[in-house]
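Data first, discussion second: the structure below is written as structure tokens.
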Amino acid sequence: MKKLNIALIGFGTAGRGFYEAWQQLGTARFNIHGVAVKNGEKKRNGLHLEATTDVLSLINDPAVDVVVEATGNVKDAKIWYEATIKNRQLFVTANKQLVAQLSGFGNQNLLYEASCGGALPIVRLLETCFPHGVSSIRGVLNGSTNYILTRIFVDGFSFNDGLLIAKEAGFVEADERLDLDGGDPATKLRILCRHAFGIRLLADDVAVFPLLGFNDVDVKFIRRNKLAVRYIATAALDEGKIVARVAPELVAEEHPFAKVLNEENAVSIIDKGGESYFFKAKGAGKQPTGTALFNDLEAWSQGFRYKKRKLAKAKSSPEISEVIVRTAVDFRDQLTAETIESWIEGGFRFYRLRCYLHELAHIAVVKSGEACVFVVGKEVSRQRFKPESVLSIEY
Ligand code: HSE
């Protein structure tokens, strides 16, 4: 049988990971025809051929059957993807932002398992294992932040030191805010919603709460109460609407999510029949991402394609029932029925208030699907408040 010819675009963490997976598992069936990179001058140890910087010429080489895109560059990747449609080539990508922007399904020559959950074959699972459909999906979908949380709560590191090591390990996005502010897991969640529910979520349909820092008081409180913080992406069907969010959540120490450590990712699914499932694997880094790219190639060779389906638009309803944050002041004494009433009259919904330390207090209110935290100062005035840290948000 003829070997499939691959054009590999990008030789960073994901590209090198793919290359090494191919060396280990795929040289008998696949040939790397060419590698394209941004900086042609850079020395790349272990690469057996000379890299080009002319990506389009490589893609348009008639010998190329498959383009493996591992750059994270959205604008250019769109152009490359379009070229592969014209050329009828398979396009395998780890580029979550590109995938989330595509308007729908239909291209049977597109696979993107590596865009969500690293080595976790979650897109393929959603495509094949739930014939009656899914009613909710919850996941730790960001390896970097889970790595940082593990360093803080298991090893006693500071947030910044945890971030530094995560960067060195190659888990963190070029723009680290995408990890820390939740954009990365939100994008992955939007991709998974296509496969779980056949629904297309836009960026604004997901309520995203950043993972802010934790101080010693937070860490002590969380440990003492046998809890763990996990940065969890959730999407659930609720009377035909999707409730989608990314938020830090407190989970009990024995909860399966609490046992998701380091750069691991995990997804828990409840199907339409009420059965629950839990999947876990390494979610970021060279080998998990490279393996996911390579596995797409294998799956496609064995006839696997994403189902053709028309995606419905989301009717989203981010309803929040509780937010736990740390604030610097205690305003509980000033919280009167009148105050709360005036907030409700002002169009705010009032949700459960929870305090976890005597000197700390918080209140969560929601208006137009947006969560805000308000602090009542000495004069019982209302002010929008950026919490020092969001410990947990529950819906
Ligand atoms: N920055 C991403 C993460 C890389 O930490 O999960 C893998 O998608």
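No value in this document is a laboratory result; all are computed from the given coordinates. As the structure is a computational prediction, the values presented were derived from the model and not from experiment. Ideal geometry is used to build each Cβ from the backbone, glycine not excepted, and the neighbour counts take in all protein chains shown.
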query = What distance in nm separates the simple spin-label points at residue 103 and residue 86, each placed 7 Å from Cα in the Cβ direction?
reply = 1.9 nm
remark   = Here the range 119-131 yields Karplus 3J(HN,Hα) values (6.51, -1.76, 1.60; θ = phi - 60°; whole Hz; Gly and Pro given as x) of 6, 5, x, 6, 5, 5, 4, 5, 5, 10, 9, 10, x
inquiry  = What FRET efficiency comes out for residue 61 versus residue 313 if R0 is 45 angstrom and r is the Cβ-Cβ distance? Round to the nearest 0.05.
reply    = 0.70
request  = Just grab the label-to-label distance for residue 74 and residue 254, each label 7 Å out from Cα along the Cβ direction, in nm (one decimal).
outcome  = 4.3 nm
key: Proxy reagent accessibility, fewest Cβ within 10 Å first, across 113, 298   = 298, 113
message = Taking just the alpha carbons, could you work out the radius of gyration and Dmax for the range 107-151, both in angstroms?
response = 13.3, 41
request  = For the range 4-93, give the magnitude of the charge dipole about the Cα centre (Cβ charges: +1 Lys/Arg, -1 Asp/Glu; no others), in debye to the nearest 20.
outcome  = 160 debye
note = Within the range 62-159, DSSP-loop trypsin sites (Lys or Arg not before Pro) with at most 13 other C-beta atoms within 10 Å are 88
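Taking 24 Å as the cut-off for C-alpha to C-alpha distance, list the pairs among 96/272; 3/78; 259/307; 75/188; 3/42 that go past it.
Details: 96/272 27 Å; 3/78 26 Å; 259/307 33 Å; 75/188 18 Å; 3/42 29 Å.
Distance filter (> 24 Å) returns 96/272; 3/78; 259/307; 3/42.
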query = Once a ≥ b ≥ c are taken as the square roots of the eigenvalues of the Cα gyration tensor of the range 1-123, is the result rounded (a/c under 1.5), prolate (a/b larger than b/c) or oblate (a/b not larger than b/c)?
reply = rounded
request  = Treat the count of other C-beta atoms within 10 Å as a stand-in for reagent exposure and order 132, 33, 195 from fewest to most.
outcome  = 132, 33, 195
task = In vacuum, with every alpha carbon of the range 148-279 counted as one equal point scatterer, what does the Debye formula give for log10 I(q)/I(0) at q = 0.15 Å⁻¹? Two decimals, please.
result = -0.79
task = Please arrange 193, 129, 116 by counting, for each residue, the other beta carbons lying within 10 Å of its beta carbon, fewest first.
result = 129, 193, 116
inquiry  = I'd like the distance between the alpha-carbon centres of the range 123-184 and the range 10-51, rounded to an integer number of Å.
reply    = 26 Å
note = Two pseudo-spin positions, 7 Å from Cα along C-beta at residue 45 and at residue 2, lie apart in nanometres by 3.8 nm
